[in-house]
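The values are calculated or read from the model by the stated rules, or taken from the named source; none is laboratory data. Here the structure is a predicted model, which is why all the values come from computation and not from measurement. Glycine gets a Cβ as well: all are built from the backbone with ideal geometry, and neighbour counts include every protein chain shown.
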Amino acid sequence: MRMTRTASALAGLGLAVAAALGSVAPASAAAETSTPRSVAAYEASTENAAATRAFQEAVMKAVAEKRAANPGALAVTVTYDASAAPTFRSQIASSTSIWNGAVSNVRLQEGSNADFTYREGNDPRGSYASTDGHGRGYIFLDYAQNQQYNSTRVTTHETGHVLGLPDTYSGPCSQLMSGGGPGPSCTNAQPDSAERSRVEQLWANGLAEAAAEVR
Ligand SMILES: [Zn+2]
């Protein structure tokens, strides 16, 4: 199935309206029936900057809570559970190694008590990062989209949302967060220097604020 930009935009708009009306539903296990509060997608979506911010804040809050419970820990580690996305095991591992090589203020690690999860399946919205606003975040990887586009780029892009980066669809292929903007021929899975700096900044400053709220 091939998603059109119009369908994607409409889906995003519907979600944005739901969020504006204050309808908050818990994230469900089935992506088809979930009504996430905010979504940042691989292709065009509305309200994606706000959605990304909400998602990153949820992850940051989860990390801050764990750090408050274990104040001796020095590294800011964000843990994930990839068990529900077995098809994308190698892409997820690549994404982790790309991000851990690109930034130093935050570290991704597979582990228990996960701050976010990866899921896979078929969804007309394509791939996206989502949160219900209560610290439950997940990355959904859509089968069809990951065949049409470079799968490592899609996975690393969605993980960029976890780290706080918004979409920049009109940007060049050298930007990771331009996502599907440059088209399926773009296979770059590395964040550029501006994207790296932004993540470093967000995790240096933002985590301190999130930790202050938790205390
Ligand atoms: Zn995106």
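Which one of Ala41, Ala49, Ala62 is modelled with pLDDT under 70 and of a type outside the set (Phe, Trp, Tyr)?
Values: Ala41 fails: modelled with pLDDT under 70; Ala62 fails: modelled with pLDDT under 70.
Selected residue: Ala49, the only one of Ala41, Ala49, Ala62 that is modelled with pLDDT under 70 and of a type outside the set (Phe, Trp, Tyr).
Going through segment 91-111 one residue at a time, which ones are assigned to a helix (DSSP H, G or I) and in contact (Cβ under 8 Å) with a residue 12 or more places away in the chain? Result: Gln91, Ile92, Ser94, Ser95, Thr96, Ile98, Trp99, Ala102.
Looking at Asp167, Asp142, Asp192 in this structure, which one is at pLDDT below 95 and surrounded by 16 or more Cβ atoms within 10 Å (Cβ to Cβ)? So that I can check it myself, show each step before the final result.
Working: Asp142 fails: at pLDDT below 95; Asp192 fails: at pLDDT below 95.
Unique residue meeting the criteria: Asp167.
In segment 105-114 there is no residue matching the filter, namely being modelled with pLDDT under 95 and within 13 Å of the ligand (Cβ to nearest atom).
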